[in-house]
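Contents: one structure, followed by commentary.
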Amino acid sequence: MNRVRFPFYGTVPLLPNLFTAANLVLGIRAITLVLRGENHYDHAAVCVMLAMLCDVMDGMAARMTNTVSRFGVEFDSLADLTSFGIAPAVMVYRQALISYDAANWRGPAHIGFLICAIYAGCAALRLARFNARVGDETTSFMGLPSPAAAGVVAAYFMLSESGLLPDALCAFLSNWILPFVTAALGILMVSSIRYPAPVKRDLWRRRHFVYFALAAGVLALIIASRGATLFALFSGYVIWGLVQHVRAPQAAGDTLPGATSEQDEEED
């Protein structure tokens, strides 16, 4: 099925940039909600999720209207850095890492600031590498995409604020697990691990109605589960890339003995 294109040739790419601007505004809103000092982490997490939706929509709108531009790519990266790099880092710092810097045992080291800088800095490096090597990431991503990393953090806050987990467990996870997970997500963003890019595959264009219905069903499940489904989806995506990366060398090593034996038989 041919992809539908609208006759917007030679016009200002207004629609994609509007989605990108909404992405940026939602990221700023998430930061301001957290800095107010009240318990608005769930609302900030929703803003990050909505920014992620806008990030998908601006790319789709640019391709459908044939208004892809260098300006749009750079603008999108700046918006992504705000929504998926700085906003999650501020959320984690305000929730958990600020206590590390305020503790008496910290000495000269600001551990909370260090973890926050690692995540935000790696997000910036990830986006810069994507812009420099956009042609190499047509079917898969090198390194964890910044929206996926932000999705894990935002989904955790939605889950912790939903009341599904005991308060004692949430306090333990926030103080001792979340900081290490945040640093690990930052490192994964600049790693060489390949992650799938399902939005860029042809199957979305060939059976767009089927996947639209599937997305609607997932959205209903997300609303009903109050963050648990989102956390499972984003965490599963991160783990999937790690598992495939570990299995790839093993699969390649399993094929080497067979190939060697076949070569020996041909020489005999």
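Below, the figures for the structure above:
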item: Some residue of region 154-168 being over 29 Å from His245 (Cα atoms), without any contact (Cβ under 8 Å) to a residue 60 or more places away in the chain and aliphatic (A, V, I, L, M); result: yes
item: Output for region 38-73, where each listed residue is over 15 Å from Pro13 (Cβ atoms), more than 16 Å from the chain's Cα centre (by Cα) and without any contact (Cβ under 8 Å) to a residue 24 or more places away in the chain; result: Glu38, His40, His43
item: Verdict on Gly151 being surrounded by 17 or more Cβ atoms within 10 Å (Cβ to Cβ), modelled with pLDDT under 95 and under 13 Å from the mean Cα position of the chain (by Cα); result: no
item: Whichever residue in region 163-196 is surrounded by 14 or more Cβ atoms within 10 Å (Cβ to Cβ) and of a type in the set (Ser, Thr, Tyr) and, among such residues, is farthest from Asp42 (Cα to Cα); result: Ser191
item: Matching residues, region 111-139, being small (Gly, Ala, Ser) and crowded, with 16+ Cβ neighbours inside 10 Å; result: Gly112, Ala120, Ala123, Ala124
item: Ile86 being modelled with pLDDT of 95 or more and surrounded by 16 or more Cβ atoms within 10 Å (Cβ to Cβ); result: yes
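The values are calculated or read from the model by the stated rules, or taken from the named source; none is laboratory data. Only a predicted model underlies this, so the values are computations on that prediction, with no experimental measurement involved. Every residue, glycine as well, gets a Cβ built from its backbone with ideal geometry; the counts of neighbours run over all protein chains shown.
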